[in-house]
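The values are calculated or read from the model by the stated rules, or taken from the named source; none is laboratory data. The structure displayed is predicted, hence computed values, not measured ones. Methodologically, a virtual Cβ is constructed for each residue, glycine included, from the backbone with ideal geometry; neighbour enumeration extends over all protein chains shown.
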Amino acid sequence: MITKSNISAVKGMRNIFPPDSYKKQEIINQCQTIAQQFGYLPWELPILERTELFKKTLGDDSDVVGKEMYSFVDIGGEDVCLRPEGTAGAIRAGLEHGLFYNLNQRVSYHGSMFRREKPQKGRFRQFTQFGFEYLGASSPLADIEMILITKNLLAELKIIDSVVLEINSIGTSKQRAEYCNYLKRWEASNVIEFSPEQRRTFENNPLRILDTKDALIKSKILNLPTMVDFLLQDQINNFSYIKNILSEKGITFIHNPLLVRGLDYYNDFVFEWKLLNENKSQNSIIAGGRYDSLPSVLGGSQNYAIGCAVGVDRILDYFDITTTSKITFYFIPLDQLSLVCLDIEVEKLRRIFKDTIFVIDHSLKGLKTQIRNSESYNPCVYIIMGDKERLDGKIMIKSSNDNSALYPINEYVNQIERIIKNGRS
C-alpha cells in the first residue's frame with residue numbers, strides 16, 4: 001500500500017529522478033570535459049558562506065541580498081548564508097589561500113546555489129550552476145575564450161542551434177553611475193507608470209529596467225541613448241575588437257545594447273546565451289562577463305577577471321539532453337541458493353566489466369514481480385537462475401524482447417562480453 005508522506009519538499013526545491021537525473025549528470029560531465037580541455041582547474045567550494053561576502057560583492061540594496069538570500073545566525077552567533085551564486089565564493093577562496101598572486105588562474109566548479117525567488121519553470125530556489133572563472137587576463141582574447149568554452153559546450157550538448165548569443169559592453173561602475181543618473185533624469189521628466197515592484201527596482205538600480213519584459217515600458221526606452229554611448233573610445237575599440245574576432249571565428253552574435261547583468265560587480269564585456277523564440281524572463285541558460293574590480297572589493301589587489309555560469313537546471317528543463325547509456329544487466333534469483341550463487345557471479349562481473357551496470361534483485365519474489373522491480377533500471381538483459389538452472393549448472397540469459405537461452409555457468413561470461421561489445425542482446 002502506497003501512502004503519501006505528510007512531509008513534502010520545501011517550496012521551490014525539487015527532487016530529480018531518472019531519466020532526468022541521468023540527463024543532468026550528462027550536462028555536468030560535458031561541462032567538466034570542456035573545462036579540462038581548456039585547462040580550468042576543478043575547485044570544490046563550500047555551499048555555506050559568511051553573509052558579509054555577498055553584502056560586499058552584491059550590495060545591501062540588491063534584490064539578491066535584500067529579498068532572496070537564505071541567511072541566518074548559526075548556533076555560534078555567526079551570520080552565514082547558503083550561497084546565492086558562485087563567483088564571489090571562488091574569488092574569496094583564491095584570495096584567502098594566495099592563489100591569485102601574480103598568476104593567471106583558470107578555475108571551474110559546480111554545485112547548488114540558493115535564492116528565494118518565485119518558483120516557476122526554469123527557476124527554482126535550489127539550482128545547479130557550473131562556473132568558469134579566468135583570473136588575471138586583461139586581453140580581450142580571454143573574453144573570446146569564455147565565448148568559445150560555452151559555444152563548444154552547447155555544441156557538445158547538441159543545442160547550439162536552439163540558442164542565440166547576445167553581447168554588450170556596460171562600462172565601468174563610474175560610467176554606469178553616470179548612465180543611471182541620466183535614466184533617473186529622463187524618468188523624472190516623463191510619465192512612466194511603474195508598478196510598485198518596477199518602481200523599487202528602478203530606484204535601486206535603474207539599469208535593471210533596460211531588460212524589462214513590460215512592452216509599454218520597453219517601447220518608451222527603445223530610443224534612449226544606450227550604455228555604449230557613455231563609453232570611452234578605448235572601451236569602444238575593445239568591444240569592436242571582440243566583435244571582429246567573433247565574426248572571424250564564425251560565431252554568430254547579436255549586440256543587444258539593453259543587455260545588463262543582474263549582479264553589480266560586472267564591467268565592460270558581458271554576454272548571455274538565450275533560448276531562441278522564448279520571450280520569457282528565464283530564457284538565459286548561460287551568462288557571464290568581466291568583473292575586474294571584484295578581487296579588490298574583497299581585499300585583494302586590482303585584478304582582471306572574467307567568468308560565466310552555466311544554468312544546468314535550466315538546460316535540463318528546456319532541452320531533451322541525450323545521455324550516453326550504459327548496458328544494464330539485471331540478475332533475478334528465484335530461490336535462496338540461486339541468490340547466493342548469482343551474488344558471487346555479479347561481483348565477478350563487476351571486476352571484469354567496470355563500465356557496465358550489474359544489478360541483483362534480493363527480494364526473492366516471483367519472476368514477474370522481479371521484472372517489474374527492474375523497470376527503473378531499464379535493463380537490456382535479464383540473468384535468471386532458479387532451482388532447475390542451478391542444479392543443471394546453467395544460467396538463463398533473457399533479452400528485453402523476450403529472446404532467451406541457457407548457457408553453462410562456466411561459459412556464460414563469453415555471452416555477456418558479446419552483448420557488451422555489440423551494445424545489445
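Taking the range 89-185 as the region of interest, the strands (runs of 3 or more DSSP E) fully inside it that hold 1 or more residues being under 19 Å from residue 255 (Cα atoms) and within 25 Å of the chain's Cα centre (by Cα) are 163-169. Could you please let me know if residue 423 is within 44 Å of the chain's Cα centre (by Cα) and either at pLDDT 95 or above or exposed (fewer than 11 other Cβ atoms within 10 Å of the Cβ) (or both)? Yes, satisfied.
Examine the range 252-270 for a residue that is without any contact (Cβ under 8 Å) to a residue 24 or more places away in the chain, over 13 Å from residue 176 (Cβ atoms) and not hydrophobic (A, V, I, L, M, F, W, C), and state whether such a residue exists. No, every residue in the range 252-270 fails to be without any contact (Cβ under 8 Å) to a residue 24 or more places away in the chain, over 13 Å from residue 176 (Cβ atoms) and not hydrophobic (A, V, I, L, M, F, W, C). Scoring residue 276 on the criteria (1) surrounded by fewer than 18 Cβ atoms within 10 Å (Cβ to Cβ); (2) closer than 29 Å to residue 317 by Cβ; (3) in contact with an Asp or Glu (Cβ under 6 Å, 6 or more places away or on another chain) leaves a single failure, condition (3). For the range 92-108, indicate whether the set of residues that are charged (D, E, K, R) and without any contact (Cβ under 8 Å) to a residue 12 or more places away in the chain is non-empty. Checked the range 92-108: at least one residue is charged (D, E, K, R) and without any contact (Cβ under 8 Å) to a residue 12 or more places away in the chain.
Any idea which of 66, 89, 98 is out of contact with any Gly (no Cβ under 7 Å at 6 or more places or on another chain) and exposed (fewer than 11 other Cβ atoms within 10 Å of the Cβ)?
98 is the lone residue from the list that is out of contact with any Gly (no Cβ under 7 Å at 6 or more places or on another chain) and exposed (fewer than 11 other Cβ atoms within 10 Å of the Cβ).
Considered as a group, the residues in the range 213-235 that are among the polar types (S, T, N, Q) and out of contact with any Asp or Glu (no Cβ under 7 Å at 6 or more places or on another chain) include one that is surrounded by the most Cβ atoms within 10 Å (Cβ to Cβ), and that residue is 226. Taking each residue of the range 210-224 that is touching a residue at least 12 places away in the same chain (Cβ under 8 Å) and looking for partners that are among the aromatic types (Phe, Trp, Tyr) and in a helix (DSSP H, G or I) with beta-carbon atoms closer than 8 Å, six or more apart or interchain, yields 224/186. Apart from one condition, residue 33 fits all of (1) more than 24 Å from residue 142 (Cβ to Cβ); (2) of a type in the set (Ser, Thr, Tyr); (3) assigned to a helix (DSSP H, G or I); the exception is (1). Those residues that are over 14 Å from residue 165 (Cα atoms) and touching a helix residue (DSSP H, G or I) at 6+ places or on another chain (Cβ under 6 Å), I need them from the range 231-244; list them, please. 238, 241 - these are the residues of the range 231-244 that are over 14 Å from residue 165 (Cα atoms) and touching a helix residue (DSSP H, G or I) at 6+ places or on another chain (Cβ under 6 Å).
The residues in the range 307-354 that are aliphatic (A, V, I, L, M) and within 14 Å of residue 416 (Cβ to Cβ) can be counted, and the count is 5. Quick one: in the range 1-50, which of the residues that are modelled with pLDDT of 95 or more and under 17 Å from residue 84 (Cα atoms) is surrounded by the fewest Cβ atoms within 10 Å (Cβ to Cβ)? Per the stated criteria, the residue is 44.
Residue check: is residue 291 under 21 Å from the mean Cα position of the chain (by Cα) and crowded, with 22+ Cβ neighbours inside 10 Å?
Criteria met by residue 291.
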